[in-house]
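> The structure follows.
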Amino acid sequence: MPDNFVRPSWIEIDLDAIAHNISQLREMVGSAVKIFVCLKSNGLGCGANAVARRVESEGGDGLAFGSVDAAIACRQSNVSLPILVYPSALPESAPAFESHQLMPTLSTLDDVDAWSNFVGSQLDVFLKIDTGGCRAGCFPGDAVNIGRAIQASDKLNLAGVYGHPMASYGLGSDTSKQINIFLKTISLLEDAGMNIPIRMLSSSEIILNHPEADLNAIDPGRLIAGVHFDSISSRKRHWQSALVGVKSRIVMKKIINNPGDLPATRFSDQQGDRVLGLIPFGWNDGFPPVISGDCFALVNGYRAPFVGPIHSELIRVDLTDVPDVNVGDEVVLLGKSKGENIGLNDLSDQWGVSEFDIYARLGKSLPKVYV
Ligand SMILES: *Cc1c(COP(=O)(O)O)cnc(C)c1O
């Protein structure tokens with residue numbers, strides 16, 4: 001635990017894993033395909049700015065953010081890569097996009113008008129295509145008109161066109177159809193004489209299963225953090241998890257001599273002394289609000305089951321079977337403790353959520369230690 005943490009709970013991130021995953025991707029797609037790393041959810045919980053700096057030093061080509069605030073914070077942390085912002089801002093914020101060199105997403109003719117009005121001098125923009133998911137983006141039939149309007153604006157430059165097929169919501173079987181819709185739309189734009197510097201369509205699962213959709217840029221997120229997905233055999237690689245530790249320390253130890261005498265504890269029907277510990281970690285930090293009976297942490301190499309209910313910033317652990325335990329001892333929710341280990345897959349089983357959920361949940365409030 002770093003000296004400057006007052007609150008002793010933290011997650012451990014291995015940025016070398018990010019570097020490894022980028023190099024695997026680079027080898028897979030080649031040098032002609034730009035890699036825009038998607039840093040939604042605070043860089044998948046790994047800390048967007050730290051990941052962004054590593055992406056830059058590892059030869060990534062760009063970044064993409066879901067939130068304009070996060071994109072500005074990243075730019076202010078000395079990152080000079082191109083930054084795309086997914087649809088999440090109003091045209092009034094155009095001056096902020098200009099001064100921080102961020103590229104907004106436009107989807108409609110009204111967007112083109114409004115952004116043109118608010119831009120002071122020049123702004124690179126992306127046009128998004130809706131490939132059928134009915135989220136942001138224009139329908140293919142409207143793309144040429146919107147592209148022409150961007151061309152006609154003396155304030156806006158078309159930096160690229162992207163799409164985001166639904167691949168992860170049980171709609172994966174339609175991915176090929178969605179890819180084809182995007183490719184057809186690109187052809188329409190090119191046939192209309194438009195030059196499209198960046199053509200981008202592939203998030204993690206699409207990269208791993210549809211090499212034909214690499215085009216000239218990709219925007220993976222979860223794969224960069226090492227989240228595991230199925231893939232076609234030619235795209236199987238070893239992906240390394242960036243999240244390697246979730247840890248806290250015992251801030252209180254309580255010995256209960258007569259649990260049967262207590263009115264409100266789940267030990268009230270038990271005999272013998274119990275030992276409870278408290279850690280400053282709770283559902284506000286991403287711990288599931290309700291747990292099954294077999295969730296435990298490791299303390300000095302021993303299993304310490306969690307004791308519900310889970311509070312917002314505190315949880316109890318049962319230390320009865322942990323010998324010689326003291327306030328300040330490390331409590332490991334993910335990672336190694338003496339000879340024992342809790343892996344990401346184990347944690348995912350304990351919590352009943354996907355590996356990716358664990359990243360997204362934990363990265364919000366907890367300090368990060370880069371190991
Ligand atoms: C979230 C997102 C991505 C990255 O998705 P992963 O599945 O994490 O790779 C790419 N593009 C867009 C538009 C997104 O919203």
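The values are calculated or read from the model by the stated rules, or taken from the named source; none is laboratory data. Being a predicted model, the structure only gives us computed values, none of them experimental. Here the Cβ is made from the backbone with ideal geometry for all residues, glycine too, and neighbour counts use every protein chain on show. The protein model used for the area step is the full one, side chains on, heavy atoms only, and it has no ligands, DNA or RNA in it. Shrake-Rupley method; radii C 1.70, N 1.55, O 1.52, S 1.80 Å.
> Under 9 Å between Cβ atoms, which residue pairs at least 6 apart in sequence (or on different chains) link something in segment 215-234 that is at pLDDT below 95 and of a type in the set (Asp, Glu) with a partner that is more than 8 Å from the ligand (Cβ to nearest atom) and open to solvent by less than 60 Å² (accessible area, probe 1.4 Å)?
Correct list of pairs: 230/208; 230/209.
> Could you grab me the full set of residues in segment 293-312 that are farther than 13 Å from residue 249 by Cα and within 26 Å of the chain's Cα centre (by Cα)?
295, 296, 310, 311, 312
> Filter segment 27-50 down to residues that are among the aliphatic types (A, V, I, L, M), under 24 Å from residue 163 (Cβ atoms) and touching a strand residue (DSSP E or B) at 6+ places or on another chain (Cβ under 8 Å) and give me whichever is surrounded by the fewest Cβ atoms within 10 Å (Cβ to Cβ).
This residue is 33.
> Also, I was wondering about something else. Name the single residue that is least open to solvent (accessible area, probe 1.4 Å) among those in segment 187-211 being part of a helix (DSSP H, G or I), hydrophobic (A, V, I, L, M, F, W, C) and away from the ligand (no atom under 16 Å from the Cβ).
189
> So, of the residues in segment 325-364 that are in a loop (DSSP other than H, G, I, E, B) and open to solvent by less than 50 Å² (accessible area, probe 1.4 Å), which turns out to be farthest from residue 251 (Cα to Cα)?
353
> A further question follows. If residue 352 meets every condition in (1) at pLDDT 95 or above; (2) touching a Ser or Thr at 6+ places or on another chain (Cβ under 9 Å) apart from one, which number is that one?
Evaluating residue 352 over (1) at pLDDT 95 or above; (2) touching a Ser or Thr at 6+ places or on another chain (Cβ under 9 Å) leaves (1) as the failure.
> Okay, moving on. Take the conditions modelled with pLDDT of 95 or more and more than 16 Å from the ligand (Cβ to nearest atom) and apply them to residue 248. Does it pass?
So residue 248 passes the test.
> Restricted to segment 24-49, and to residues that are in a helix (DSSP H, G or I) and over 13 Å from the mean Cα position of the chain (by Cα), which residue is farthest from the ligand (Cβ to nearest atom)?
Filtering first and then ranking leaves 27.
> Kindly evaluate residue 87 against the criterion of being within 14 Å of the ligand (Cβ to nearest atom), touching a residue at least 40 places away in the same chain (Cβ under 8 Å) and open to solvent by 20 Å² or more (accessible area, probe 1.4 Å).
Here the answer is yes, as residue 87 does meet what is asked.
> With the condition kept exactly as written, say whether any residue in segment 93-110 is within 16 Å of the ligand (Cβ to nearest atom), surrounded by fewer than 19 Cβ atoms within 10 Å (Cβ to Cβ) and not in a strand (DSSP E or B).
The answer is no, given that none of the residues of segment 93-110 is within 16 Å of the ligand (Cβ to nearest atom), surrounded by fewer than 19 Cβ atoms within 10 Å (Cβ to Cβ) and not in a strand (DSSP E or B).
> Given the structure, is residue 72 touching a strand residue (DSSP E or B) at 6+ places or on another chain (Cβ under 8 Å), surrounded by 20 or more Cβ atoms within 10 Å (Cβ to Cβ) and β-branched (Val, Ile, Thr)?
No; evaluated as a whole, the condition is false for this residue.
A quick yes/no check of all residues on (1) outside any strand (DSSP E or B); (2) more than 16 Å from the ligand (Cβ to nearest atom); (3) free of Cβ contacts under 8 Å to residues at least 24 places away in the same chain; (4) buried (at least 16 other Cβ atoms within 10 Å of the Cβ):
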position: 116; (1), (2), (3), (4): yes, yes, no, yes
position: 126; (1), (2), (3), (4): no, no, no, yes
position: 135; (1), (2), (3), (4): yes, no, no, no
position: 144; (1), (2), (3), (4): yes, yes, no, yes
position: 157; (1), (2), (3), (4): no, yes, no, no
position: 161; (1), (2), (3), (4): no, no, no, yes
position: 165; (1), (2), (3), (4): yes, no, no, yes
position: 175; (1), (2), (3), (4): yes, no, no, yes
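> On to the next question. Every residue in segment 289-324 that is touching a Cys at 6+ places or on another chain (Cβ under 8 Å) and open to solvent by less than 20 Å² (accessible area, probe 1.4 Å), please.
306
> Go through segment 53-65 and count every residue that is open to solvent by less than 30 Å² (accessible area, probe 1.4 Å) and either away from the ligand (no atom under 16 Å from the Cβ) or among the small types (Gly, Ala, Ser) (or both).
3
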